[in-house]
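A.B. asks: First, the structure itself, so that you have it in front of you.
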Amino acid sequence: MKVKFWGVRGSTPCPGPDTVRIGGNTSCIELRYGNEDELIIIDAGSGIRLLGNHLMKTGTCPKKIKIFLTHTHSDHIMGLPYFTPIYIPGYEIDIYGPVTYEEEGLEKIISDQFSYRYFPVKHSELSATMSYHHLQQTEMTFGDLSVSTHYLNHPILTLGYRFEYDGKAISTAYDTEPFFNLFPEDPEDPSYDEFAAEEGKLAAQEANDEISAFVAGSDILIHDSQYIDEELQTSYRGWGHSSFEWTIKLAGENNIGKLLFFHHAMERCDDELETLLEGYRNNEAAAYPQMEIDLAREGIVEEC
């Protein structure tokens, strides 16, 4: 299996001189497996525009494409109206993903982007055959490829994916943050309740253990690392994103071959990201010498 990154940032596209090396487009990953005639796309952020143009220019676009959405926040679907294959007759595009509100299905959420108030082409005018598949926590097979999903911790329903083929595994876990105890653990807190504190601590640990088991043993793990730990603890708890430190610990304790930091904060420039990477290689990640760590960067290809 091979993955190529077409968008690695979170929240909103942030092009410019400070992001040119690592990339300023939002989430989009190309996955190829087997004879590479099979194409899976993970998320349709702004990077999918570049992917679509590349596929058309190089003639490497199969007639059937599967797009797996982690969730439907705008930075993960905003590029779909600019994905060239949806405008070409004969293409079949299957879109899979979770839906937070059952009364508004995946097709409704996607097609709303194509209303005239936002975009000059209606969803009904697309030339490709578009099919939508609602996903929950499940397991699927497509020939020799196995795909598993797991719920993550984000303000709307979000899925992590695990792709397994020929004894290799590539997993994604973003947008997500560690589960934490919702009840005060400090006995001096006026709202402290011993039973609630213990139960809340246990529930958070069990949920984090499930994520660990889901990604365990992956040859490549692509994981949310939008914040450093201090930011997560002091300013961004509950926003649905992880820290570098947490991600390293999770991966290192679960036999990950290569960890790729993903969903980079829009405010964090390339120089800062590369400085952070070097620091984590020399410190936190040094405790796990069997594991490689790196930044997900637009244009790089990882293979297992």
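The values are calculated or read from the model by the stated rules, or taken from the named source; none is laboratory data. Just so we're clear, the structure is a prediction, and the values are computed from it rather than from any experiment. Here the Cβ is made from the backbone with ideal geometry for all residues, glycine too, and neighbour counts use every protein chain on show.
A.B. asks: For region 82-111, what are the residues that are charged (D, E, K, R), surrounded by 13 or more Cβ atoms within 10 Å (Cβ to Cβ) and more than 22 Å from the chain's Cα centre (by Cα)?
C.D. replies: Glu92
A.B. asks: Which condition number does Ser171 fail, the rest of (1) surrounded by fewer than 16 Cβ atoms within 10 Å (Cβ to Cβ); (2) among the polar types (S, T, N, Q); (3) touching a residue at least 40 places away in the same chain (Cβ under 8 Å) being met?
C.D. replies: Result: Ser171 passes all but (1).
A.B. asks: Of the residues that make up region 276-290, is at least one of a type in the set (Gly, Ala, Ser), modelled with pLDDT of 95 or more and surrounded by 14 or more Cβ atoms within 10 Å (Cβ to Cβ)?
C.D. replies: Taking every residue of region 276-290 in turn, at least one turns out to be of a type in the set (Gly, Ala, Ser), modelled with pLDDT of 95 or more and surrounded by 14 or more Cβ atoms within 10 Å (Cβ to Cβ).
A.B. asks: Turning to a different aspect of this structure: Just checking, which of Ala216, Ala204 is hydrophobic (A, V, I, L, M, F, W, C), at pLDDT 95 or above and surrounded by fewer than 22 Cβ atoms within 10 Å (Cβ to Cβ)?
C.D. replies: Ala216
Each row is one residue, and each column tells you yes or no for (1) over 26 Å from Tyr165 (Cβ atoms); (2) in a helix (DSSP H, G or I); (3) modelled with pLDDT of 95 or more; (4) of a type outside the set (D, E, K, R).
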position	(1), (2), (3), (4)
Ile41	no, no, yes, yes
Lys57	yes, yes, yes, no
Met78	yes, no, yes, yes
Val99	yes, no, no, yes
Ser127	yes, no, yes, yes
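A.B. asks: Same structure again: Quick one: is Pro17 within 26 Å of Gln226 (Cα to Cα) and in a loop (DSSP other than H, G, I, E, B)?
C.D. replies: Considered against the rule, which asks whether it is within 26 Å of Gln226 (Cα to Cα) and in a loop (DSSP other than H, G, I, E, B), Pro17 comes out as yes.
A.B. asks: Name the residues in region 87-122 that are farther than 24 Å from Thr158 by Cα and either touching a residue at least 12 places away in the same chain (Cβ under 8 Å) or of a type in the set (A, V, I, L, M) (or both), would you?
C.D. replies: Selection gives Tyr87, Ile88, Pro89, Gly90, Tyr91, Glu92, Phe119, Val121.
A.B. asks: List the number of the failed condition for Thr176; all other conditions in (1) β-branched (Val, Ile, Thr); (2) over 15 Å from Arg237 (Cα atoms); (3) in a loop (DSSP other than H, G, I, E, B) hold.
C.D. replies: (2)
A.B. asks: So in region 129-155, with the set limited to residues that are part of a loop (DSSP other than H, G, I, E, B) and under 20 Å from the mean Cα position of the chain (by Cα), which one is surrounded by the most Cβ atoms within 10 Å (Cβ to Cβ)?
C.D. replies: Among those residues, the one meeting the criterion is Leu152.
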